[in-house]
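Worksheet: the structure to be examined is printed underneath.
The values are calculated or read from the model by the stated rules, or taken from the named source; none is laboratory data. Quick caveat: nothing in here was measured; it's all calculated off a predicted structure. Methodologically, a virtual Cβ is constructed for each residue, glycine included, from the backbone with ideal geometry; neighbour enumeration extends over all protein chains shown. Note: areas computed on protein heavy atoms with side chains; ligands, DNA, RNA excluded. Shrake-Rupley method; radii C 1.70, N 1.55, O 1.52, S 1.80 Å.
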Amino acid sequence: MTKYVLEQLMSAGAHKASAEINRTTKYEMNVENGDMSLIRTTQDVSVSMIAIKDDKKGSVVVNRTDDSSIIDASRDAVSYAEVAQPDSANDIPPFAPSESFTDGSLVPDRDGMYSRLNEFLLQARHEYPKTALDSVYFSFNCHNSNYFNSNDVDFSVSRGYYSMSIMGMGVDGEKTGSFNGTGFTSFDLSRPIMESASVRDMLRMCTEQIDTKALGSVFDGDVIFSPDCFDEILTAYIDTYLSENSLIAGTSLLKDKLGDEVASKLLTVRSMPADNNLSGGYRVFGGFKAENETILDSGVLKAYDLSLYGSNKTGLPRSKSGFGAICVDAGKTPYEDMVRSIKRGLLVCRFSGGNPTSAGDLSGVAKNSYYIEDGVIKFPVNETMIAGNLLKMFTNIGAVSCERTDFGAGILPYVLIRDIKITG
Amino acid sequence: MDISTYRNLFSGYTELRTQENTVVNLMLVNGNAVSNTRQSSGGVSARVYRSGSWGFASNADLSPDGIISAIRNATDNAVFLDHKLQKSVPPLPCRPCVQTHILRGKTPSQQVLMDYLKEIDAYMVANCPNLIARRIMLQILTIEKTILTADGTQFHSFIPRTVLSISMTTDKDGTPVSEREVFGGLGEFCESFSGEPSQLYERIDTLYQLLCDKKEGVQAEKGKKVCILDADLAGILAHEAIGHTVEADFVLTGSIARNYLGREAAGEKVTLIDYAHTHEGVTCPVPVWCDDEGCEAKDAVIIKDGIMTGYMHSKASALKFGVEPTGNARAYRFSDEPLIRMRNTAIARGSDKLADMIASVEDGYFLQNPGNGQADATSEFMFAVTRGREIKNGKLGKALLDTTISGVAFDVLKSVTHVSDDFKWVCSGMCGKKQPIPVGMGGPALKCTVTIG
């Protein structure tokens, strides 16, 4: 089928072309207000076409596979290319040997899913009665995709995995705590939901955070970011400084810093899509075979999040990994020691902030967070803001924990960052 | 397409929906066409209700076999869950809707769209010196759907939305400074941008001047301040800070709004409504005449003269609360199930004059443009503010650099002392709650106290 799509693109006049067909099946169980409410099955197909003609690029995505729809969409893709501007950076991946990949089971264990979800709901009600589950989405996802291009690149991927997303808040009488959420992916149902990723921590925190206090002061302090939260901060860092848009636009302050030490020596960040144990990984992206890659190696910048186009445009190297499945190397400091080292500061478990500026200035509310004083976690806080600059924050890393949380789509530790403005 | 014949395949409460979303995306970054795409996604879904348990199924096959398969799979899912749970919940309330609303307009060829963007880019190059980055993004989203339900709904709509966003970045001593303006709203391209690109040049000039002012801007002083929130910010306050807390599913879980029904939630000048489709005789940015579970949509009055009077409901939540459904159950794609979502959430205009409101502030800020924002069950909120000015002794002063405001929404609304007599919609918003969905948000200007920085 994918080769047929490619033939239509070339017949329509493309000089270079690629086609990707992705068939997805989802089986999902939904929980609303703490009770199972819905079973949902979806089937979809996505046909993505890219046409390049005279260095001009157009693309179309449809979810129809009948001949007439494919022919019309192919013609559209080429006609869009014809009206674009020529850009020598437009290209498709060069030839690579064909490969097929299969990961995980391609069939859901529906009874197993019901059993695990029911087990989790009973446990949650019993062990955390003051944590109200707003929504839980537990799904099995199966993707079958095939990529083909006019350089004879041919990749096929079949992947099945489970994913879970949980949102909840603490409720006690008239009192309501801040909502919190977490999630994970896995290849199987061998582990109880409660013992996966940071699920238990999240439910515990919801109950603890019903009663909060305001700090009532402004100071520069140390902040420990939880694994869930450091994922958000790291994503903001990558988007601001390493992403294609910021590099092409020229706004990234790290645009000429490949090979330079730009962050703390304590920090090593990797993208590991090809790791066989990461259910949230992937095998192919943008028509390339995904490879594991180091982004920051003991603080030294090693890679940018650039596609083939971005790489051609900027002259900088293309990302081999696609910057998904982010893993941060474990540090040497036990989490308890990190807490003990703090004179005044916060444990921040969720950050609610505006998008950083182009310079990386960041400010927002420390949600689901705790005040730390003299090495002891004192109380949950409310209406507390933190502000800083991402570039400086990443050079001010004081410690990385040896404990890490495996989310299935990434593995992250606790990270302590010094000298952050805290406003209570 | 006519799906009315499939009603005879329904066994019990069933919703059947066919839907097609089309998105055209063009983006120029520093003159480079980094996006030049059209994406279309359509299919059929069915949702079945059995005594409190739901089954949903969808597929991309719009043939009779595909539609029958969706109905059958949804029924099987509902029966399976009902067998397990045996909730024995009564039937749902209904308010059927038999209407058609086709707002089809005209979108020109990709060539014309690309030329339009290129002309704007060329104008910026020629007239906006010292920019280090410029970005022009055009998105045209159309959603066509037909809905058939067992309780009598037969509905067909075509709703388009066009949004053009222009961003400029300069730098001050090596630090990037950005400004952004958004144009467009309900309608296809030709309805939103009826003339030549030159019709936008004056506004681009204004945007450039704002950028130059912001380049010399100051940081907001951190802390609680009296602020005038302009209409754009009032709209995001209505949506983020209040709107999410009064979605009935969130209320049922335990949002703070559960404690406010019938009680003072805001200053007496504040009235907040989630409009279905019409505001002061004009169609709203995201009109909903019938929601995606086939309920005729009505305005949801949330706060009236400072008192909380209701929530936003689906059929299931309305049953639990013993009220009428409001038509707030919406789904983004054909494969999405309806969830309680906002539509056009706004604070009603008041009677105060904006100029007088600014003049009344000794030391505060006039906050004009929001960036992203987030809500919480406690009604704590946070918005980015990307444009604002100092107010000193009743006069507008220097521009502000990017900052944030936060607070507890009901406390902020209770601090509102003035509500201006003008009104503006923000037409480009997307809301995230498992699924993205277009929303409208709006309001007048408000004088209130918030935490800034």
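Number of residues in segment B:391-439 that are touching a Lys or Arg at 6+ places or on another chain (Cβ under 8 Å), of a type in the set (D, E, K, R) and over 25 Å from B:MET308 (Cα atoms) equals 1. Taking the conditions (1) small (Gly, Ala, Ser); (2) facing chain A (nearest Cβ under 9 Å); (3) over 30 Å from B:LEU164 (Cβ atoms) in turn, B:SER88 satisfies each one other than (2). Here A:SER246 passes the criteria (1) closer than 14 Å to A:ILE326 by Cβ; (2) open to solvent by less than 20 Å² (accessible area, probe 1.4 Å) except the one numbered (1). Among the residues making up segment A:181-212, those that are touching a strand residue (DSSP E or B) at 6+ places or on another chain (Cβ under 6 Å) and assigned to a loop (DSSP other than H, G, I, E, B) are A:PHE187, A:SER196, A:ALA197, A:SER198, A:GLN209, A:ILE210, A:THR212.
Exactly one residue out of A:PHE155, A:PHE148 is touching a Phe, Trp or Tyr at 6+ places or on another chain (Cβ under 7 Å) and more than 24 Å from A:ILE372 (Cβ to Cβ), and it is A:PHE155.
So, in segment A:359-378, exactly how many residues are of a type in the set (A, V, I, L, M) and at pLDDT below 95? Before you say what the answer is, go through the steps one by one.
So in segment A:359-378, the residues of a type in the set (A, V, I, L, M) come out as A:359, A:362, A:365-366, A:372, A:376-377.
Then drop every residue that is not at pLDDT below 95, which leaves A:359, A:362, A:365-366.
Result for segment A:359-378: 4.
In segment B:177-198, the qualifying residues are those that are surrounded by 20 or more Cβ atoms within 10 Å (Cβ to Cβ) and assigned to a helix (DSSP H, G or I), and the one that is modelled with the highest pLDDT is B:PHE189. Taken over segment B:314-334, residues that are open to solvent by 10 Å² or more (accessible area, probe 1.4 Å) and in contact (Cβ under 8 Å) with a residue 24 or more places away in the chain amount to 10.
Within the option set A:LYS332, A:LYS255, being at pLDDT below 95, among the basic types (Lys, Arg) and open to solvent by 30 Å² or more (accessible area, probe 1.4 Å) holds for one residue only, A:LYS255.
If we scan segment A:36-53, do we find a residue that is surrounded by fewer than 23 Cβ atoms within 10 Å (Cβ to Cβ) and out of contact with any strand residue (DSSP E or B) (no Cβ under 9 Å at 6 or more places or on another chain)? Among the residues of segment A:36-53, not one is surrounded by fewer than 23 Cβ atoms within 10 Å (Cβ to Cβ) and out of contact with any strand residue (DSSP E or B) (no Cβ under 9 Å at 6 or more places or on another chain), which makes the answer no. Within segment B:403-453, can you find the residues that are within 14 Å of chain A (Cβ to nearest Cβ) and part of a loop (DSSP other than H, G, I, E, B)? If the condition is that a residue be within 14 Å of chain A (Cβ to nearest Cβ) and part of a loop (DSSP other than H, G, I, E, B), then B:LYS434, B:GLY453 are the ones that fit.
Could you list, in sequence order, all residues of segment B:291-313 that are part of a loop (DSSP other than H, G, I, E, B) and either open to solvent by 20 Å² or more (accessible area, probe 1.4 Å) or more than 18 Å from B:ASP151 (Cα to Cα) (or both)? Working first, answer last.
Let us first name the residues in segment B:291-313 that are part of a loop (DSSP other than H, G, I, E, B), namely B:291-295, B:297-299, B:305-306, B:309-311, B:313.
Answer for segment B:291-313, where residues must be part of a loop (DSSP other than H, G, I, E, B) and either open to solvent by 20 Å² or more (accessible area, probe 1.4 Å) or more than 18 Å from B:ASP151 (Cα to Cα) (or both): B:LYS298, B:ASP299, B:ASP305, B:GLY306, B:THR309, B:GLY310, B:TYR311.
For segment B:339-395, the tally of residues that are within 15 Å of B:ALA234 (Cβ to Cβ), more than 13 Å from chain A (Cβ to nearest Cβ) and charged (D, E, K, R) stands at 2. Note on segment B:106-118: residues that are surrounded by fewer than 16 Cβ atoms within 10 Å (Cβ to Cβ) and more than 10 Å from chain A (Cβ to nearest Cβ) total 2.
If I filter segment B:96-105 for residues that are of a type in the set (Lys, Arg), in contact with a Phe, Trp or Tyr (Cβ under 8 Å, 6 or more places away or on another chain) and without any contact (Cβ under 8 Å) to a residue 40 or more places away in the chain, do I get at least one hit?
Filtering segment B:96-105 down to residues of a type in the set (Lys, Arg) leaves B:104.
From the residues that got through so far, the ones that are in contact with a Phe, Trp or Tyr (Cβ under 8 Å, 6 or more places away or on another chain) too are B:104.
With without any contact (Cβ under 8 Å) to a residue 40 or more places away in the chain added as a condition, the list becomes none.
Taking every residue of segment B:96-105 in turn, none turns out to be of a type in the set (Lys, Arg), in contact with a Phe, Trp or Tyr (Cβ under 8 Å, 6 or more places away or on another chain) and without any contact (Cβ under 8 Å) to a residue 40 or more places away in the chain.
The residues of segment B:199-221 that are of a type in the set (A, V, I, L, M), in contact with a Ser or Thr (Cβ under 8 Å, 6 or more places away or on another chain) and outside any helix (DSSP H, G or I) amount to a single one, B:ALA220. Scanning segment A:263-303 for residues that are open to solvent by 30 Å² or more (accessible area, probe 1.4 Å) and among the charged types (D, E, K, R) yields A:LYS265, A:ARG270, A:ASP275, A:ARG283, A:LYS289, A:GLU291, A:ASP297, A:LYS302. Is it the case, given these coordinates, that A:GLU261 is closer than 23 Å to A:LEU362 by Cβ, of a type in the set (D, E, K, R) and in contact with a Phe, Trp or Tyr (Cβ under 7 Å, 6 or more places away or on another chain)? The answer is no for A:GLU261. Identification of strands (runs of 3 or more DSSP E) wholly contained in segment A:85-180 with 2 or more residues that are within 14 Å of chain B (Cβ to nearest Cβ) and among the aromatic types (Phe, Trp, Tyr) yields A:131-149.
Looking at A:ARG23, A:ARG75, can you tell me which residue is within 11 Å of chain B (Cβ to nearest Cβ), open to solvent by 10 Å² or more (accessible area, probe 1.4 Å) and modelled with pLDDT of 95 or more?
Details: A:ARG75 fails: within 11 Å of chain B (Cβ to nearest Cβ).
None of the other options fit; the residue is A:ARG23.
For (1) farther than 26 Å from A:ALA409 by Cβ; (2) touching a Gly at 6+ places or on another chain (Cβ under 9 Å), each residue gets a yes or a no:
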{"residue": "A:ASN118", "(1), (2)": "no, no"}
{"residue": "A:LEU121", "(1), (2)": "no, yes"}
{"residue": "A:HIS126", "(1), (2)": "yes, no"}
{"residue": "A:LYS130", "(1), (2)": "yes, yes"}
{"residue": "A:ASP134", "(1), (2)": "no, yes"}
{"residue": "A:PHE140", "(1), (2)": "no, yes"}
{"residue": "A:ASN149", "(1), (2)": "yes, yes"}
{"residue": "A:ASP154", "(1), (2)": "yes, no"}
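Scanning segment A:28-66 for residues that are free of Cβ contacts under 8 Å to residues at least 60 places away in the same chain, of a type in the set (A, V, I, L, M, F, W, C) and facing another protein chain (nearest Cβ under 7 Å) returns A:LEU38, A:ILE39, A:VAL45, A:VAL60, A:VAL61, A:VAL62. Of the strands (runs of 3 or more DSSP E) entirely within segment A:218-334, those holding at least 3 residues that are closer than 14 Å to A:LEU412 by Cβ occupy A:269-271, A:326-328. Listed by first and then second residue, the pairs with beta-carbon distance under 6 Å, at least 6 apart or on different chains, first residue in segment A:278-306 and farther than 28 Å from A:GLU261 by Cα, second at pLDDT 95 or above and among the aromatic types (Phe, Trp, Tyr), are A:SER279/A:TYR161; A:SER279/A:PHE187; A:ARG283/A:PHE101; A:VAL284/A:TYR147; A:VAL284/A:PHE155; A:GLY287/A:TYR147. For segment A:375-424, the tally of residues that are out of contact with any strand residue (DSSP E or B) (no Cβ under 7 Å at 6 or more places or on another chain) and open to solvent by 50 Å² or more (accessible area, probe 1.4 Å) stands at 4. Based on what the data block shows, is B:TYR208 aromatic (Phe, Trp, Tyr) and more than 19 Å from B:SER379 (Cα to Cα)? Yes; evaluated as a whole, the condition is true for this residue. Of all the listed residues (A:VAL415, A:VAL365, A:VAL400), the sole one being assigned to a strand (DSSP E or B), over 25 Å from A:MET272 (Cβ atoms) and either under 22 Å from the mean Cα position of the chain (by Cα) or not hydroxyl-bearing (Ser, Thr, Tyr) (or both) is A:VAL365.
Of all residues in segment A:258-273, exactly one satisfies the criterion of being small (Gly, Ala, Ser) and either in contact with an Asp or Glu (Cβ under 6 Å, 6 or more places away or on another chain) or at pLDDT below 95 (or both), namely A:SER271.
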